[in-house]
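Only one structure is covered here, and it is reproduced in the block below.
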């Protein structure tokens, strides 16, 4: 368990559709407390499974679970290294609000066709930042979100890195805490059939369907990500932390196996 203090509290400028978690930073490590359920475990499991994908290590943030003592309370949660260094993490929504005084998310959803929305998103970001192949990056995000049911990937939660000279580069994939039905307080309570719950999860980036988002991205940019894990790997990862109950771990295992079955083409 790590003890954290008020001086360590940070507001990273990112917004969740379900409110904001307690976040701290100290000695180059970021900590997040669970807010709606088991977000910390989701971060850990997803990042460990991304290690068993075609992503390079520098393309995603690695998380581990952590118990946090703050003031008079103990929290479960996670920690991760500060990946930004001297660069600033800036969300797409904040970037466009600063440059144009308007909402990128609103612009996207003013367009009727899903593919046209994706084209607008990627072209606008590439034009503003000079980053090449942003569409490939978004395609990878959509694979991660579809496979792991991350319901919180919106323009407040997709970022680029900017340095003091105003140069931009891609941000590693981060913040998968809303994946794997982690919100047990409101939308996905424990004890409810997961197969019914899975049907209710909605995407947020360019439409509310994970499949439609992914189909549009792979049509435009090709298949960009694959995985090589099985049930034994997932069980080993879940066994690597003991601060969450076995009922939660079993639920996550069954969710992943179901999603692996659905997206079998991403494996092998």
Here is a check on your reading of the model: is residue 191 in contact with a strand residue (DSSP E or B) (Cβ under 9 Å, 6 or more places away or on another chain) and either on the phi > 0 side of the Ramachandran plot or outside any strand (DSSP E or B) (or both)?
no
Just one of the numbered conditions (1) under 19 Å from residue 153 (Cβ atoms); (2) surrounded by fewer than 20 Cβ atoms within 10 Å (Cβ to Cβ); (3) touching a helix residue (DSSP H, G or I) at 6+ places or on another chain (Cβ under 9 Å) is not true of residue 70; which one?
(1)
Extreme residue, surrounded by the most Cβ atoms within 10 Å (Cβ to Cβ), among residues of the stretch 113-136 that are touching a strand residue (DSSP E or B) at 6+ places or on another chain (Cβ under 8 Å) and in a loop (DSSP other than H, G, I, E, B)
131
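Any chance the stretch 137-145 includes a residue that's in a helix (DSSP H, G or I) and out of contact with any helix residue (DSSP H, G or I) (no Cβ under 8 Å at 6 or more places or on another chain)?
So in the stretch 137-145, the residues in a helix (DSSP H, G or I) come out as 137-145.
Then drop every residue that is not out of contact with any helix residue (DSSP H, G or I) (no Cβ under 8 Å at 6 or more places or on another chain), which leaves 137, 141.
There is at least one residue in the stretch 137-145 that is in a helix (DSSP H, G or I) and out of contact with any helix residue (DSSP H, G or I) (no Cβ under 8 Å at 6 or more places or on another chain).
Quick check on this structure: which one of 237, 243, 206, 256 is surrounded by 19 or more Cβ atoms within 10 Å (Cβ to Cβ) and part of a loop (DSSP other than H, G, I, E, B)?
Details: 237 fails: part of a loop (DSSP other than H, G, I, E, B); 243 fails: surrounded by 19 or more Cβ atoms within 10 Å (Cβ to Cβ); 256 fails: part of a loop (DSSP other than H, G, I, E, B).
Checking each option against the conditions leaves just 206.
Bear in mind these aren't lab numbers, they're just calculated from the coordinates by the rules spelled out. Keep in mind that what you see is a predicted model, and the values were worked out from it rather than measured. All Cβ positions, even for glycine, are placed from backbone atoms using ideal geometry, and neighbour counts span all protein chains on display.
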